[in-house]
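Here's the structure, in structure tokens; my notes come after.
The values are calculated or read from the model by the stated rules, or taken from the named source; none is laboratory data. All values reported here derive from a predicted model rather than from experimental measurement. Here Cβ is always computed from backbone atoms with ideal geometry, including for glycine, and neighbour counts include all displayed protein chains. Heads up: the accessible areas ignore ligands, DNA and RNA and are worked out on the full protein's heavy atoms, side chains in. Shrake-Rupley method; radii C 1.70, N 1.55, O 1.52, S 1.80 Å.
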2 protein chains.
Amino acid sequence: MTDIQSMANAIRFLALDSILNAGEGHQGVPLGMAEIAATLYARHLKANPDDPQWHDRDRVVLSNGHGSLLLYSLLNLSGYKPVTVEALKTFRRLGSVCAGHPEIEQHAGIEITTGMLGQGIACAVGMAVAESRLAGEFGDDLVDHRTWAFVGDGCLQEGVGQEAISLAGHLRLGKLTFLWDDNQITDDGSTDLALSENVPARFRAAGWQVQSVDGHDIEAISKALDAAKADPRPSLLACHTTIARGIPRLQGQRGGHSAPLVPQDRVEACKMLGWNHGAFDIPDSIRADWHTAMDRGRVAQADWQQRLSTAPTAVEFQRWQAGDLPQFHATTMAALKAASVAHDAPRPTILSSGDVCDGLNTDLPELQVLCADLEAPTDHKRSRRAFSATVQNGSYVHCGVREHLMGAMACGIAAHGGLRPVNVTYLAFADYERPAMRMAALMGLPALFAFSHDSIGVGSNGPTHQPVEILASFRSMPNFHVFRPADALETVEAWELAMARRDGPCLFALSRQPAAPLPVRSGENLTAKGAYLVSPPDEQRDITLIATGTEVGVALDARTKLKASGIRAAVVSMPSWELFAAQPDAYRADVLGTVPRIGIEAALRFGWDRWLRPDDPFVGMTGFGASDKSETLYAHFGITADNVAQVARDRLSV
Amino acid sequence: MTDIQSMANAIRFLALDSILNAGEGHQGVPLGMAEIAATLYARHLKANPDDPQWHDRDRVVLSNGHGSLLLYSLLNLSGYKPVTVEALKTFRRLGSVCAGHPEIEQHAGIEITTGMLGQGIACAVGMAVAESRLAGEFGDDLVDHRTWAFVGDGCLQEGVGQEAISLAGHLRLGKLTFLWDDNQITDDGSTDLALSENVPARFRAAGWQVQSVDGHDIEAISKALDAAKADPRPSLLACHTTIARGIPRLQGQRGGHSAPLVPQDRVEACKMLGWNHGAFDIPDSIRADWHTAMDRGRVAQADWQQRLSTAPTAVEFQRWQAGDLPQFHATTMAALKAASVAHDAPRPTILSSGDVCDGLNTDLPELQVLCADLEAPTDHKRSRRAFSATVQNGSYVHCGVREHLMGAMACGIAAHGGLRPVNVTYLAFADYERPAMRMAALMGLPALFAFSHDSIGVGSNGPTHQPVEILASFRSMPNFHVFRPADALETVEAWELAMARRDGPCLFALSRQPAAPLPVRSGENLTAKGAYLVSPPDEQRDITLIATGTEVGVALDARTKLKASGIRAAVVSMPSWELFAAQPDAYRADVLGTVPRIGIEAALRFGWDRWLRPDDPFVGMTGFGASDKSETLYAHFGITADNVAQVARDRLSV
């Protein structure tokens, strides 16, 4: 019979040995949660280490990512090939799959990068939404798995944790379970220092099933996991645990979290737990129990494969899972481009983006649009149905005023696979979800963050709602592709690029103010080049005006004014710095030219010096915005064609 | 007898008339919360419109800031001079005190800028902490006031809202009251779309007093406010209201929030509410009731003034309130500088910062240090006592893992006045509190954000915890002074500048890795210049190495290596870009020199082009970090003296 207690102790000693070997690490979680994890894996988890990326596997998230050795030990013991004992011996070393915090490597069973507290459980909500939507589309013959998240006190103190609890309860994500390491200890010491709330009551208030168990009592844990699976609500298991259990000197203490271990700690732990094996040595009988435990997943996958082979939706299901675009996608995009240039009237790019999003509803049903209580002003719902507790196959989630959760859900959905998340709110609120967006960039997840209200063009809502530095702040983030399209066509082009990108997130900064269509241009996706000459490329020029978004229109107007005074201005639209930087030198030189330049953007100059020379002026903002109508503000801050023309004349000393 | 119902209707019509006049605005809040606000002002609030900045006034925060006309109407009616009817007629126009969202103007009674949901209530927690600490220091003869926050559903959905609820309950901030506009409507429509939790239960779980009242029943509200004042816990009044009450077409509807009003709406509202007065016309009898209501505050201030005049601590109290530095401050700072250079051994700048913070405990007792569960690794507590539910005069707050709240508390404390907030955590977590930090910059509040773990120097915790873009993201934010000190002395100098700054926040990026002391330099605060030559200023040079933080040490080592090959390198330490940019051109030119330059920083190049020419190389990061020891990572990413020397030789083609 399976000896779960020994399976748990194997976790403890692999963790302990790895930390001793590395000389650093956090023992609190793996030693405290060993029984919880072992019980989950021994009796409940559905996963197959032989095929770590099997689509219908349960997802496991270690939200308290500093306890990474809990996960690495689990993966080693259950047979995920990349996580060998040798890998454990390189814990926290460059290139190791066993990094300080878990870093997404799904072929090794690491579902998601965690470590920034709260992100993991918020991602888990996204994963559970993805599962539910996919089950709604393809039926539970193909999609029927659970999301399990290990979570510590820190994750539950973070605001994003509450956002996750609240929305998961509202959406009745019944296949989501949080395993809370209720050990009463954080980095500062007792949780009493900063917490006196009744955490289970908070979950209950949000409509969760809540169970309290002794986190070292295997049968109690297993029974609670059964009950969690049977309940239609998301479930919290409040597991009362002793941090660092097994090390007499540290267990239940503040130092249990991550105080440096000494060899004597292992000696004492062996004594206490009756462990008589050498470092990294796991007896065959225990390894056999782990192997047997995973057979449940192997059988489940074989059955599933059988069902898939006869499922009428198998081809489409596999396309979604692979993240491939449908064959007719290029045709759809061409039609959307044609439609975009058919509009003559100036149109806010947020609406043009909504046009595309709506136009893709049939072509790309795998889109999952998330919006934080701004349905009307962002207008990306249209013909979509709302995903809810009762409607699984809705492709639009009313996230409530919870931007941070929404960003993390986008990560969770993208990491889960099968769907393409589109996150929608105002650009000023991007700061609220920035930590999650950074995770998307770090993990290289294909998520689209579409933001409206890109600048002072917001108007009278004033400086709180007017981004001036936010473009720069995301342009500075590695692996983000930031787009600020100038008109409807550039918006469609940006969508095309975002849908094609598989190795990182895209950000759209879209306007509330109307954007006039740029002059007709060739059929090529010029946005893909990052920047291009809007005025004819072979024209002689005295000055180059480089602009983004609605300021390309300002530059074009300035060009007309300058022409009247005999100055030849070239206008460059630069929707994406990252893509332009990736162009060949010669192309960049052609676009930027050798004559003086002016940068024009309703934002700060910060970062623009990459494209300007020290003597080149910049027309934009120098500080925060103000409260008035958009046109008044553009005039007030001098972001007008007249002013650009004047600055150009000054620069050329004409 | 005071007619509170008419006082409430006066709020409604001033709001309505202002919105009709402006052609836009949010009527939902002022019309829905009119009775709540009128009752608060008529019977409970302690404030004096004749002296809006009286130190012992109650603080009023409109957390649902889009409902700004509730506040402007209140300020007009209660007699705050800048908020005239003429000002109401300029609602949402450039330069108006009645901006789209409230923007801090304390002389006009606007305590704080709000509009980013959740920020207001989180600031309110900071204000209540400030009140309690100051009462603990000076007694309730001088400090005894309440914080009242109007709050909507959105603020309570935001994660930072839960952080606020949780910590306020833990700290038993009994003088804090939230007035919740429980109207069941958000921008998307019914709150049911995204919310089904029991909000009052959530407050109860956090230890709050919770009362539910009909938000249009004046006597019920007043009784509940009495009970809130009598209770030692923070209080929630769940006020069941009808959004936009008074406009038959919109009340209780989604459109009540901010749908455009038409003149007929006013006609219907007059009919419904029995109002027979012209636009902006408030009958004298109602104005008289408002005036009388504010007499309570006038009398209270007179009494308080009396007590102050005989208080032995009056001089010190007034110094704290004025934000003046003590006379002996310069002496203290000189001693701290001397102590910092007495250390010979390399020392992490986070510890040097802790040395200063501790050294100021006596000199500047008005410091209020906030830390998010990282007491040990940031080491800024030391001799400070923890502020808690039972210890009011503690100058250190264990904020728990709630960075966002902590940042907003810093704003609230600074806006409250009397204390100097110091916010402490890791730089990677700055993203979590960025929205609050942006508010500090926007409001021009003197708050210090001291962050440790500034770079890959963090070591094996890996890329989640290693900032590479975060310096750039804050350098791009208007009105922030960002410092990355190179050694202990620069750290003391940065503290000196931060304590002297009164018109905006400062950020310190501090190292976990040891920083070797720079060569001995003059007594002048060179950090104040933003950048300066570490090597003798009059030396000839072939190349200029510009670095920040611990990379100044790398540059100095490279200088030594280059000297050996006959290349003369000048080393510039550039702790603050903003301060350097503010220096005279001639000084900047002297420092930067005319020879080629190399930028060196363990971060991305983004933004550095301001100081480099296109041909100038940069030694730093090109993407996210990795998991290994600090020294290994510096070597791996080529941020070493050897590599800098090589890059310099390449640049000079030597």
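DSSP beta bridges fully contained in region B:329-515 are about 10 percent antiparallel. For region B:526-651, carbon and sulfur atoms together expose 51% of the accessible surface, with a 1.4 angstrom probe and every protein chain in place. Beta bridges assigned by DSSP with both partners in the protein assembly as shown are antiparallel in approximately 10 percent of cases. Stretched out straight at 0.36 nm per residue, the stretch from B:Ala302 to B:Cys270 would grow longer than its current Cα-Cα span by 7.6 nm.
Looking at region B:540-654, the accessible area is 38 square angstrom per residue; that uses a 1.4 Å probe and ignores ligands, DNA and RNA. Couplings 3J(HN,Hα) for region B:540-549, derived from phi with the Karplus relation 6.51 cos²θ - 1.76 cosθ + 1.60 (θ = phi - 60°), are 5, 9, 9, 8, 10, 9, 10, 9, 10, x Hz, where x marks Gly and Pro. Given B:Leu94, B:Ala428, B:His291, which one lies farthest toward the positive end of the charge dipole of chain B, if we put +1 on the Cβ of every Lys and Arg and -1 on the Cβ of every Asp and Glu? Final value for the positive-end residue is B:Ala428.
Taking Cα atoms only, the orientation of helix B:488-500 departs from the longest principal axis of chain B by about 30 degrees. When peptides A:247-256, B:618-627, B:582-591 are ranked by their average number of other Cβ atoms within 10 Å per residue, the highest-first order is B:618-627, A:247-256, B:582-591. Highest mean first, the peptides B:428-439, A:127-138 sorted by other C-beta atoms within 10 Å per residue fall in the order B:428-439, A:127-138. Across region A:329-515, Cα pairs under 8 Å and at least six residues apart give a relative contact order of 26 percent. Inter-chain neighbour count for B:441-447: the average number of beta-carbon atoms from partner chains within 10 Å of each residue's beta-carbon is 2.
A DSSP coil position with no more than 15 other Cβ atoms inside 10 Å describes the following chymotrypsin sites (Phe, Trp or Tyr not before Pro) in region B:326-407: B:Phe328. Karplus-derived 3J(HN,Hα) values for region A:512-527, using 6.51 cos²θ - 1.76 cosθ + 1.60 with θ = phi - 60°, are 7, 6, x, 10, 6, x, 5, x, 4, 9, 4, x, 5, 6, 6, 4 Hz; glycine and proline are entered as x. Distances between every pair of Cα atoms in region A:3-92, grouped in 10 Å steps from 0 to the bin holding the largest one, split as 18, 52, 28, 2 percent.
Gyration tensor over the Cα atoms of region A:527-651: the corresponding equivalent ellipsoid has semi-axes (square roots of 5 times the eigenvalues, largest first) of 22, 18, 13 Å.
Highest mean packing first, where packing is the average number of other Cβ atoms within 10 Å per residue, the peptides A:30-36, A:365-371, A:103-109 line up as A:30-36, A:365-371, A:103-109. Within the shell defined by Cβ-Cβ distances under 13 Å, the residues around A:Asn198 carry a net charge of +2, with Lys and Arg each +1 and Asp and Glu each -1. Reported to the nearest whole Å, the Cα centre-to-centre distance from region A:61-131 to region A:263-327 is 13. Gap in Å between the Cα centre of region B:350-376 and the Cα centre of region A:401-469? Using only Cα atoms, the two centres lie 34 Å from each other. Roughly what % antiparallel, to the nearest 5, for the DSSP beta bridges in chain A? Roughly 10 percent of the beta bridges in chain A run antiparallel, per DSSP. Remark: label point of B:Ala339 defined 7 Å out from Cα along the Cα-Cβ vector; separations to the same position in other copies 6.8 nm, ascending.
Shape analysis of region B:4-303 based on the Cα gyration tensor places the equivalent ellipsoid semi-axes at 28, 23, 17 Å, largest first. Summing +1 for each Lys or Arg and -1 for each Asp or Glu among the other residues whose beta-carbon sits under 13 angstrom from that of A:Val29 gives -3. Adding -39500 (n - 2.57) for every DSSP H run of four residues or longer, then dividing by how many residues chain A holds, sets the calculated 222 nm ellipticity at -12500 deg cm²/dmol.
Figure note: A:Lys561, B:Lys81, A:Lys175 ranked by solvent-accessible area, largest first, 1.4 Å probe, ligands and nucleic acids not counted: B:Lys81, A:Lys561, A:Lys175. Remark: mean inter-chain Cβ contacts per residue of A:399-412 equal 4, using a 10 Å Cβ-Cβ cutoff to other protein chain atoms.
Each Cα pair under 8 Å and six or more residues apart adds its sequence gap; the mean of these over the residue count of region B:503-591 is a relative contact order of 35 percent. In this simple spin-label model, placing a label point 7 Å from the Cα along the Cα-to-Cβ direction at both A:Met1 and B:Arg501 gives a separation of 6.6 nm. Taking amide H positions as modeled 1.01 Å from N, with prolines and chain starts lacking one, the residues under 5 Å from A:Val571 and 5 or more places away or on another chain are A:Val534, A:Ser535, A:Leu545. The value of relative contact order for region A:527-651, using C-alpha pairs under 8 Å at least six residues apart, is 29 percent. Closest approach of a chain A beta carbon to the axis mapping chain A onto chain B (residue, whole Å): A:Gly159, 1.
Here the Karplus relation 6.51 cos²θ - 1.76 cosθ + 1.60, evaluated at θ = phi - 60°, turns the backbone of region B:234-244 into coupling constants of x, 10, 10, 9, 7, 9, 6, 10, 10, 4, 6 Hz, with x for every Gly and Pro.
Under 5 Å from the amide H of B:Cys371 lie the amide H atoms of B:Val397, B:Cys399, B:Val424, each residue being 5 or more positions distant or on a separate chain, with H modelled from the backbone and absent for Pro and chain starts. Just report the Cα centroid separation between region B:145-215 and region B:540-611, whole Å. Spelled out, the Cα-based centre of one part sits 51 Å from the other. Per residue of peptide A:366-374, the mean number of Cβ atoms on other chains within 10 Å of the residue Cβ is 3.
Each other copy places its own label point for A:Val262 at 8.2 nm from this one, sorted shortest first, where the point lies 7 Å along the Cα-to-beta carbon line. Straight Cα distances below 13 angstrom link B:Lys229 to the aspartates and glutamates B:Asp58, B:Asp144, with same-chain residues fewer than 8 positions distant left out. The GluC sites (Glu not before Pro) of region A:536-585 meeting both criteria, a DSSP state outside H, G, I, E and B (loop) and at most 11 other C-beta atoms within 10 angstrom of the site's C-beta, are A:Glu539.
Between amide H atoms placed 1.01 Å from N, distances below 5 Å from A:Ser388 occur with A:Gly394, all of them 5 or more places distant or on a separate chain. Magnitude of the charge dipole for chain A, about its Cα centre and with charges confined to Cβ atoms of Lys, Arg (+1) and Asp, Glu (-1), is about 480 debye.
Legend: residue pairs A:Lys529/A:Lys561; B:Lys381/B:Lys629; A:Lys175/A:Lys337; A:Lys89/A:Lys271; A:Lys175/A:Lys381; A:Lys175/B:Lys175, Cα-Cα distance threshold 30 Å; pairs beyond threshold, A:Lys175/A:Lys337; A:Lys175/B:Lys175.
Ranked from shortest, the separations from the 7 Å Cα-to-Cβ label point of B:Gly566 to its equivalents in the other copies are 5.4 nm.
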